[in-house]
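Okay, so here's the structure we're looking at.
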Amino acid sequence: MNEVTVYNWLIVTMFFLAAAAFSVLFFVAAPYGRHARSGWGPSVNDRLGWIVMESAAPVVFLVCYFGGPKSSSVTALVFLGMWELHYVHRAFVFPFLMRSRANRMTIVVVALGFAFNSINAYLNGHYVFMLSGGYRGGWLVGPEFIVGAAVFTSGFVINRHADWTLRSLRHQGESGYGIPSGGLYRWISCPNYFGEILTWIGWAIATWSLAGLVFATWTAANLVPRARSHQIWYRQRFPDYPVKRKALVPLLW
């Protein structure tokens, strides 16, 4: 069995696992953040958990970049920049912006996140820097990349602004929650998740790849149920929570 065969089977398997994850997470919220609870085994500080869990993505993708035959092309550099822009922040900046120092993350969640990020970065990096053949000349001015990059950038900005809004609700060291407002929080409970989903839909379009589609599918499979859990949590915790605010998609759901 050669590497291409293994790669193709991984793609198929990841699609099936995304469907399974969506089915489970719709009824059982992943035990981290505001949904953290006992009974899931040993835990670590959530800052350390985030770093370990997310660091696989920028590292594995960078390894794929250096191992690719077309790594010096402008297109390869642009895709590398897009990926690392998100994940360097996610792995090495975001954890140090967390206000609370008391939250915990179970080792099970950290291990599953590390495994997913490793496989996902390999699938995307191997395609972009190996299987794609380096993309055709002029890819960066083609419709796929222009539309995808626009969606990616919009999602990235929405995600960063939403995270900033959440952080602004707390002072350093605080662990309580409040009702966020402003920006897309006027219409939905989870604009950070909405932005994240947009980001990877944009990536899938810009790379025009099954690996990108797998990532976008997994992002939605993970975050759509979590947005629903957040919506329920907010309404149970805050009697004055805005009744017209949707969970994830403005005006729809």
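Taking every C-alpha pair closer than 8 Å and separated by at least 6 residues, the mean separation divided by the residue count of region 3-237 gives a relative contact order of 27 percent.
Every Cα-Cα pair in region 1-151 was counted, and those over 26 Å apart are 38% of them.
Modelled this way, with points 7 Å down the Cα-to-C-beta line, the labels at H35 and V59 are 2.7 nm from one another. Computed over the chain with a Gaussian network model linking Cα atoms closer than 10 Å, the most mobile of P95, P58, P191 is P95. The ranking of W40, W218 by Cβ neighbour count inside 10 Å, starting from the fewest, reads W40, W218. The peptide list 198-205, 28-35, put in order of mean Cβ contacts within 10 Å with the highest first, becomes 198-205, 28-35.
Principal axis analysis of the Cα atoms in the chain yields extents of 56, 39, 34 Å, listed in decreasing size. For region 143-213, the relative contact order comes to 52 percent (Cα pairs under 8 Å, sequence separation of at least 6). Sorted from greatest to least, the principal axis extents spanned by the alpha carbons of region 179-238 come out as 42, 21, 10 Å. A Gaussian network model of the chain, with springs between Cα atoms under 10 Å, assigns the largest mean-square fluctuation among V60, V44, V243 to V243. With the simple model of a label 7 Å out from the Cα in the direction of the Cβ, S72 to L17 spans 3.6 nm. Spatial offset of region 174-198 relative to region 1-79 amounts to 23 Å, using the alpha carbon center of each.
With helices defined as uninterrupted DSSP H runs, which ones in the chain have an alpha carbon span along their own long axis of at least 27 Å and mean Kyte-Doolittle hydropathy of at least 0.5? Before the final figure, lay out each step's value.
Numbers: long enough: 3-25 (31 Å, 1.69); 46-67 (32 Å, 1.16); 107-126 (28 Å, 1.18); 143-167 (36 Å, 0.44); 210-237 (40 Å, -0.10).
The answer, listed by residue number, is 3-25, 46-67, 107-126.
Projected label points at F238 and S181, each 7 Å from Cα along the beta carbon direction, are separated by 0.9 nanometres.
Coordinate-derived values only; no laboratory data. All figures in this text were calculated on a predicted structure; none of them were measured in a lab. No Cβ is skipped: glycine too gets one built from the backbone with ideal geometry, and neighbour counts run over all protein chains shown.
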